[in-house]
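Visitor: Input: one structure, supplied below.
We did not get these values from a lab; they are worked out from the coordinates using the rules stated. Being a predicted model, the structure only gives us computed values, none of them experimental. We place every Cβ from the backbone using ideal geometry, glycine too, and count neighbours over all the protein chains shown.
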Amino acid sequence: MPKNGKEPSPSIDTGLETLREKLVKLSETPPAQARSAVGELKVVKISSTPLELWVVIGRESDYLVIRGTYCSCPHFAIRVVGRESPTPCYHLVAVEMAIRQKRFHDLSLSLSKDELIDIVLEIIAGTRSTTLRRKLYMLHE
């Protein structure tokens, strides 16, 4: 027993280390969906502070991503958080690839606080964000 009289606490594996290791490996040989998302510029940075938030525009929905930590997609919620599989979703991989390749839209400085909130709430509601699409459309005018 240690000098302080307490048993050493067991190592708590939050799964983040494993997730991040898998992300590094998958970024080297990414799935086709991640390559497609990056190639089609479907990765969007929406906030830098206080938390870096990303959106990956999917076929059915938009997904909020916190780099190397979280995705709002069902795969992440069911398989990764539920510890069924340590393999990250393609949305997390796409964000990593987009950052490395510098191939993403950066709206983090041009969104108002209200627009940012609208985007997050629209995505959490399980829909595609019309606010995000409007802002992206304005970029191309």
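Visitor: How large are Rg and Dmax for region 16-139 when calculated on the C-alpha trace, in angstrom?
Guide: Cα only, region 16-139: 13.7, 41 Å (Rg, Dmax).
Visitor: Can you sort Tyr90, Tyr70 from fewest to most other Cβ atoms within 10 Å of each residue's own Cβ? Numbers along the way, then the final one.
Guide: Values: Tyr90 24, Tyr70 19.
Ascending number of Cβ neighbours within 10 Å: Tyr70, Tyr90.
Visitor: Across the chain, how many lysine pairs, 8 or more positions apart or on different chains, have C-alpha atoms separated by under 17 Å? Please give the number.
Guide: 6
Visitor: Then there is this: Mean separation of Cα pairs under 8 Å and 6+ residues apart, divided by the residue count of region 16-139: what relative contact order is that in percent?
Guide: Once divided by the residue count of region 16-139, the mean separation gives 30 percent.
Visitor: State, to one decimal in nm, how far the label point of Ile66 lies from the label point of Ser36, with both points 7 Å from Cα in the Cβ direction.
Guide: Rounded to a tenth, the inter-label distance reads 2.9 nm.
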